[in-house]
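S.K.: My questions all concern the structure below.
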Amino acid sequence: MKKGIVAALSVLFLLGGCAPTFEKQDQVVQENKSDEGEKAIIPSFQISENYYKTMLPYETSETRGVVVNDLGSRYDINEIETGLMRVAQNQFHTDEYFFKEGKYLDKETVDSWLQRKYTSKQLKDKKMKESENIGLNPVQEDGDTEPIYLAHLVEHNYLMKTEGDKVRLGGVVIALSLNSVQYETNMSSGARTVKNISNDELKQQGMKMAEEVVKRLRQKDGLKNAPIMIALYKQAPKDERVPGHFFAYSVAGNGEDSIQDWKDVNESHYLFPSPEAADAHPNDYKVFKTLKDDVEDYFPVYTGLTGQALYEDDKLAKMDFEVALTFEGKTETIGFAQHLASMITKHVPEGWDMKLTISSSDGPEALIVKKKGSKETYVHIYE
């Protein structure tokens, strides 16, 4: 059992892309309203420069778990969190800042911001006060079919070290998750129709909401001067098998309550195999097809090879493969993993950063990892 744990940890280190360094952990004081502040620990270990160190003890956000209810596709739940960290690195570098879950937006605030804006008549009918009329989604009057654009908000905080072993807030990052489609139900027939929302419309609505979000955040204690980044995320439709993606971000600098400049984020996800992947990235698709055919020649009983790829600026950033097995023998699993590792070494370019999970009805059976810049593969068999 201990041997399996060590092997699993080794794979985690490899996934990070560099060898870990273990140094003495730093004990710091997190600045707050209290004169004494709160003691915290900055771990010395960092998986790689692509990941932030996290303050300890770990504090969860009040909005934790809300994302599950608000996002239409389960693939978006992880992507909006990890993708937001990628976007944040454009402003808050991993060697200078430490990650902490958001603490400025509570569940009640997020729920109220996700509502529609109401007319005076609608407020009266709902027995609401004007002070409660803070929804960010547009008004919908009788007969209108105005979309719900904003599906969810995610907040991340980034802390920075100061003199005297103290840390303070270095910036706040907010993701606005926007619906890419509008679902309409015919009340008489019950039929549901799906209407796509254009990228231009999404960006326009997201930018408008971002301005309001920054103004509201500036009114909160502790956020009057901190940099605030707003990132726009295009959510995938409910039936998609790949997540959505971030497409734009902007930063309101120290004390600024408006956003001056927006930068594009060129990210996209593709499912392998799919016609979309074959058309957009034929060379990568050829590698996938060669690997798939080779595996089928030797192991006709497996149920298929699939992949999910992330592209940044139209270049492959990472590829996650998965193979589902129909056999159960451990020796078969070992033989299958060994063959796959050799095929990856043979067919997959050095420029690919990839991992392959072999699973069965009982769960994961093996993991194969190949890092960018190397042809070597690392294999772990789950006990």
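The values are calculated or read from the model by the stated rules, or taken from the named source; none is laboratory data. Everything quoted here is computed from the prediction, not taken from an experiment. Heads up, the Cβs are rebuilt from the backbone with ideal geometry, glycines too, and the neighbour counts pull from every protein chain shown. Side chains included, ligands, DNA and RNA excluded: accessible areas come from the protein's heavy atoms. Shrake-Rupley method; radii C 1.70, N 1.55, O 1.52, S 1.80 Å.
S.K.: Given the structure, is ALA317 of a type outside the set (D, E, K, R), at pLDDT below 95, open to solvent by 20 Å² or more (accessible area, probe 1.4 Å) and on the phi < 0 side of the Ramachandran plot?
M.R.: Numbers: of a type outside the set (D, E, K, R): yes; at pLDDT below 95: no; open to solvent by 20 Å² or more (accessible area, probe 1.4 Å): yes; on the phi < 0 side of the Ramachandran plot: yes.
Spelling it out, it is not the case that ALA317 is of a type outside the set (D, E, K, R), at pLDDT below 95, open to solvent by 20 Å² or more (accessible area, probe 1.4 Å) and on the phi < 0 side of the Ramachandran plot.
S.K.: How do the pairs read when you match residues in the range 75-92 that are surrounded by 15 or more Cβ atoms within 10 Å (Cβ to Cβ) with residues anywhere that are among the polar types (S, T, N, Q), using Cβ under 7 Å and keeping only pairs 6 or more apart or on different chains?
M.R.: ASP76/GLN235; ILE80/SER177
Yes/no matrix, rows are residues, columns are (1) more than 21 Å from GLY206 (Cα to Cα); (2) free of Cβ contacts under 8 Å to residues at least 12 places away in the same chain; (3) open to solvent by less than 40 Å² (accessible area, probe 1.4 Å); (4) not in a loop (DSSP other than H, G, I, E, B):
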{"residue": "PHE99", "(1), (2), (3), (4)": "yes, no, yes, yes"}
{"residue": "LYS103", "(1), (2), (3), (4)": "yes, no, no, no"}
{"residue": "TYR118", "(1), (2), (3), (4)": "no, no, no, no"}
{"residue": "LYS124", "(1), (2), (3), (4)": "yes, yes, no, yes"}
{"residue": "ASP142", "(1), (2), (3), (4)": "yes, yes, no, no"}
{"residue": "HIS152", "(1), (2), (3), (4)": "no, no, yes, yes"}
{"residue": "GLU155", "(1), (2), (3), (4)": "no, no, yes, yes"}
{"residue": "LEU159", "(1), (2), (3), (4)": "yes, no, yes, yes"}
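S.K.: Moving on to the next point. Would you check if GLU365 is open to solvent by 70 Å² or more (accessible area, probe 1.4 Å) and among the acidic types (Asp, Glu)? Don't jump to the end; show me each part of the working.
M.R.: Values: open to solvent by 70 Å² or more (accessible area, probe 1.4 Å): no; among the acidic types (Asp, Glu): yes.
For GLU365, the condition - open to solvent by 70 Å² or more (accessible area, probe 1.4 Å) and among the acidic types (Asp, Glu) - is not met.
S.K.: Only one of LYS289, LYS208 is surrounded by 15 or more Cβ atoms within 10 Å (Cβ to Cβ), free of Cβ contacts under 8 Å to residues at least 24 places away in the same chain and assigned to a helix (DSSP H, G or I). Can you tell me which? Can you show your working first?
M.R.: Values: LYS208 fails: surrounded by 15 or more Cβ atoms within 10 Å (Cβ to Cβ).
Of the residues listed, the single one that is surrounded by 15 or more Cβ atoms within 10 Å (Cβ to Cβ), free of Cβ contacts under 8 Å to residues at least 24 places away in the same chain and assigned to a helix (DSSP H, G or I) is LYS289.
S.K.: Find the residue count for the range 211-244, including only residues that are in contact with a Lys or Arg (Cβ under 7 Å, 6 or more places away or on another chain) and crowded, with 22+ Cβ neighbours inside 10 Å. Can you show your working first?
M.R.: First, the residues of the range 211-244 that are in contact with a Lys or Arg (Cβ under 7 Å, 6 or more places away or on another chain): 218, 224, 232, 244.
Subsequent filtering for residues that are crowded, with 22+ Cβ neighbours inside 10 Å retains 232, 244.
Counting residues in the range 211-244 that are in contact with a Lys or Arg (Cβ under 7 Å, 6 or more places away or on another chain) and crowded, with 22+ Cβ neighbours inside 10 Å gives 2.
S.K.: PRO138 versus (1) in contact with a Pro (Cβ under 9 Å, 6 or more places away or on another chain); (2) over 30 Å from ASN90 (Cβ atoms); (3) not aliphatic (A, V, I, L, M): which is the lone unmet condition?
M.R.: Result: PRO138 fails condition (2) only.
S.K.: So, one more: Mind checking which residues of the range 292-314 are loosely packed, with under 14 Cβ neighbours inside 10 Å and either at pLDDT 90 or above or under 18 Å from THR377 (Cα atoms) (or both)? Even if it seems obvious, please write down each step before you answer.
M.R.: Taking the range 292-314 and keeping what is loosely packed, with under 14 Cβ neighbours inside 10 Å, we get 293, 296-298, 300-301, 303-304, 313-314.
Selection gives ASP313, ASP314.
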